[in-house]
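Engineer: To start, I am sharing the structure in question, which I have written as structure tokens.
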Amino acid sequence: MSETTADTNGDARAFLAGIRVGDVCSGTVAETSRKAIAVVLDGFIDRPLGFVGSLDVSWGPGPVAPPEPGQRVTAEVTAVDPEGCRVRLSLAATQEPRLWAFLKSLRPGAMLTGRIASIERFGVFVELDEGPRHPVFPGAGFVTFPELSWRRFEDATEVVRVGEQVSCQFLRFDTVHGEARLSLRATLPDPFQAFADTAAVGQTLRGRVTTVQPVGAFVQVAEGVEGLLRPQAPTAAEESAIRAGEEVTVVVSAVDRLRRTVTLARGRKR
């Protein structure tokens with residue numbers, strides 16, 4: 001490393017020492033690419049220290065044209081890397097400052113209420129009772145399908161309806177899309193824990209086969225709880241012996257609370 005480069009890096013680290021996550025910085029776009037926008041920050045003109053990732057440009061649903069070199073921008077600092085001499089910036093944060101501030105103020109585990117605004121093929125939008133509206137999406141709250149319910153379902157309308165009022169637990173702030181990731185199932189009793197409290201290895205149960213996969217058959221042994229019944233012999237005849245929808249007798253082989261799994265073996269028919 002040349003002496004000049006070392007001096008420049010030292011100056012950059014000293015400059016970055018005064019920057020904190022949450023600060024709003026201004027600068028001039030130096031370069032744009034598919035992956036990032038490089039920004040020369042005000043106060044340090046030697047080289048770009050600010051970088052805006054492609055997903056931090058806008059909360060819009062589609063591609064957005066990045067700012068051109070020479071254009072002035074204002075963005076919020078989302079990460080500081082003194083050793084790498086760079087800061088990560090979000091342009092989206094300054095486009096909707098009230099919504100960003102509201103979502104950033106939420107803490108994991110907080111309870112939020114709202115109305116089911118839209119059911120999409122990738123999840124469910126919730127229009128929150130508190131906070132600003134989302135500039136693009138039907139709601140600033142979003143629930144992925146796994147977080148809708150503990151039980152298996154084929155369609156989200158089996159769990160919620162558009163217009164329905166719900167209470168959800170806040171999981172995290174999705175800074176990419178500008179939304180509160182929520183969980184509806186977290187507000188409901190966990191059937192797996194209830195099953196694990198009472199199930200014993202060697203216990204015989206009756207259950208319905210929900211699906212048959214190459215790894216084995218999944219059997220519903222309690223409401224919202226499925227166990228994996230592995231094939232005893234990897235033959236076509238053995239695999240064809242079990243069908244989805246069939247009632248079978250199984251024996252509990254193992255219950256893993258950490259992985260939330262139940263392993264089953266074939267039991268004697270009654």
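The values are calculated or read from the model by the stated rules, or taken from the named source; none is laboratory data. Because the structure is a prediction, the values reported are computed rather than measured. As a convention, Cβ positions derive from the backbone with ideal geometry for all residues, glycine included, and neighbour counts pool all protein chains shown. These area figures cover heavy atoms from the full protein model, side chains too; ligands, DNA and RNA do not enter into them. Shrake-Rupley method; radii C 1.70, N 1.55, O 1.52, S 1.80 Å.
Engineer: Keeping every protein chain present and rolling a 1.4 Å probe, give me the accessible area per residue for region 151-270 in Å².
Structural biologist: That works out to 58 Å² for each residue.
Engineer: Which far-off residues, 5 or more places away or on another chain, put their amide H under 5 Å from the one on ARG86, with H placed in the peptide plane?
Structural biologist: When sequence neighbours closer than 5 places are left aside, the close amide H contacts are ASP81.
Engineer: Ok, one more. Might you work out the accessible area of GLU68 for me, using a 1.4 Å probe with all protein chains in place, and round it to the nearest 10 Å²?
Structural biologist: 120
Engineer: Amide H of PHE137: which non-local residues (sequence gap of 5 or more, or other chain) have their own amide H closer than 5 Å, using H built in the peptide plane?
Structural biologist: Placed amide hydrogens put nothing under 5 Å from PHE137.
Engineer: Follow-up question, since we're still on this one. Compute the relative contact order of the chain as a whole-number percentage, counting only Cα pairs closer than 8 Å that sit 6 or more residues apart in sequence.
Structural biologist: 11
Engineer: With a/c under 1.5 counting as rounded, go ahead and sort region 119-247 into rounded, prolate or oblate using the C-alpha gyration tensor (a ≥ b ≥ c being the square roots of the eigenvalues; past the cut-off, prolate if a/b is larger than b/c, else oblate).
Structural biologist: Prolate, since a/c reaches 1.5 and a/b exceeds b/c.
Engineer: Turning to a different aspect of this structure: So between ALA265 and ARG230, what do we pick up on full extension, going 0.36 nm a residue minus the alpha carbon distance?
Structural biologist: 11.9 nm
Engineer: Then there is this: Report the residues of region 109-145 in range of a label on LEU55: point 7 Å along Cα→C-beta, backbone N strictly under 17 Å from it.
Structural biologist: Under cut-off, by backbone N: 122-123, 142-145.
Engineer: I need the calculated FRET efficiency for the pair ALA17 and THR74, taking r as the beta carbon distance and R₀ as 25 Å, to the nearest 0.05.
Structural biologist: After rounding to 0.05, the efficiency reads 0.70.
Engineer: Can I ask one more? Quick one: if the Förster radius is 45 Å, what FRET efficiency do VAL64 and ALA196 give, using the C-beta to C-beta distance and rounding to 0.05?
Structural biologist: So the FRET efficiency works out to roughly 0.45.
Engineer: Calculate one ³J(HN,Hα) per residue across region 74-87 by plugging θ = phi - 60° into the Karplus curve 6.51 cos²θ - 1.76 cosθ + 1.60, and present them in order as whole Hz with x for glycine and proline.
Structural biologist: Calculated HN-Hα couplings, in order: 10, 8, 9, 6, 10, 7, 10, 10, x, 5, x, 6, 7, 10 Hz.
Engineer: Here are several values of volume of the Cα convex hull per residue in Å³: (i) 130; (ii) 114; (iii) 200. Which one was derived from the coordinates shown?
Structural biologist: (iii)
Engineer: In debye, nearest 20, what is the charge dipole magnitude of region 127-242 about its Cα centre with +1 on Lys and Arg Cβ and -1 on Asp and Glu Cβ, if you could check?
Structural biologist: About 240 debye.
Engineer: On to the next question. Once you have the Cα-Cα distance between GLU247 and VAL136, take 0.36 nm times their residue separation minus that, and quote the gain in nm to one decimal.
Structural biologist: Using 0.36 nm per residue and subtracting the Cα-Cα distance, I get 35.3 nm.
Engineer: Moving on to the next point. Which GluC sites (Glu not before Pro) in region 147-256 sit in a loop by DSSP (not H, G, I, E or B) and have at most 14 other Cβ atoms within 10 Å of their own Cβ?
Structural biologist: Qualifying residues, ordered by number: GLU154, GLU164, GLU223, GLU246.
Engineer: Using the charge dipole of region 48-116 (Lys, Arg: +1 at Cβ; Asp, Glu: -1 at Cβ; taken about the Cα centre), state which of PRO69, VAL80, LEU112 has its Cα farthest towards the positive end.
Structural biologist: Checked the options; the winner is LEU112.
Engineer: Also, quick follow-up: If each residue of separation counts as 0.36 nm, what is the full-extension length gain between GLU83 and GLU164 once their alpha-carbon separation is subtracted?
Structural biologist: Full extension from GLU83 to GLU164 adds 24.2 nm.
Engineer: Dipole magnitude of the chain about its Cα centre, charges +1 at Lys/Arg Cβ and -1 at Asp/Glu Cβ only, in debye to the nearest 20?
Structural biologist: Using Cβ point charges on Lys, Arg, Asp and Glu, the chain gives about 1140 debye.
Engineer: Could you work out the local net charge near THR263, counting Lys and Arg as +1, Asp and Glu as -1, over the other residues with Cβ closer than 14 Å to its Cβ?
Structural biologist: Every neighbour counted, the sum reads +3.
Engineer: How large is the charge dipole for region 60-144, taken about the Cα centre, if only the Cβ atoms of Lys, Arg (+1) and Asp, Glu (-1) carry charge, to the nearest 20 debye?
Structural biologist: 40
Engineer: Oh, and also: Per-residue counts of other Cβ atoms within 10 Å, averaged by peptide: what ranking do you get for 186-194, 170-178, highest first?
Structural biologist: Most protected by this proxy first, the peptides run 170-178, 186-194.
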